[in-house]
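Throughout, read-outs are computed from the coordinates displayed, never taken from laboratory work. The structure presented is a predicted model; accordingly, all values stated were derived computationally and were not measured. As a convention, Cβ positions derive from the backbone with ideal geometry for all residues, glycine included, and neighbour counts pool all protein chains shown.
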Amino acid sequence: QVQLVESGGGLVQPGGSLRLSCAASGSIFSIPDMHWYRQAPGKERDLVASITSGGSTNYADSVKGRFTISRDNAKNTVYLQMNSLKPEDTAVYYCNALLVYRDSSRYRTSRYWGQGTQVTVSS
């Protein structure tokens, strides 16, 4: 079964740090791109950061200089290091990835979402 499993959320004080992880499992052949989104209560889900298989990255303006996305291709895992956290970073964070995987004798490509992990920044 192909899936994305996230971990690392929690409660942190303003100015603190958290590291999120998202691991893809199943018969994964490759992962062309991986992303982190977040959704605050009553708001739309927004793109936070992206990384390609070659390591190229992009960030939302609101997190540039504070968040770092990285990946370990050998572990099929993407990370989001979040520093200097602010109350406005409070949201459910979702991993998203384009997965190329083997299904019986065929290769398939589908985009998957993780289950989400809550990040709360509060004193």
Dipole in debye (nearest 20) - the chain, about Cα centre, beta carbon charges: Lys, Arg +1; Asp, Glu -1: 220 debye
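Using a 10 Å cut-off on Cβ atoms, rank the peptides 79-87, 104-112 from the highest mean neighbour count down.
Working: 79-87: 18.0, 104-112: 10.1.
Output ranking for 79-87, 104-112: 79-87, 104-112.
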Reach of Lys64 by Cα under 25 Å, taken over lysines that are not fewer than 8 positions away in the same chain: Lys43, Lys86
Which of Gly8, Cys95, Gly55 sits farthest toward the positive end of the charge dipole of the chain, with +1 on the Cβ of Lys and Arg and -1 on the Cβ of Asp and Glu? Gly55
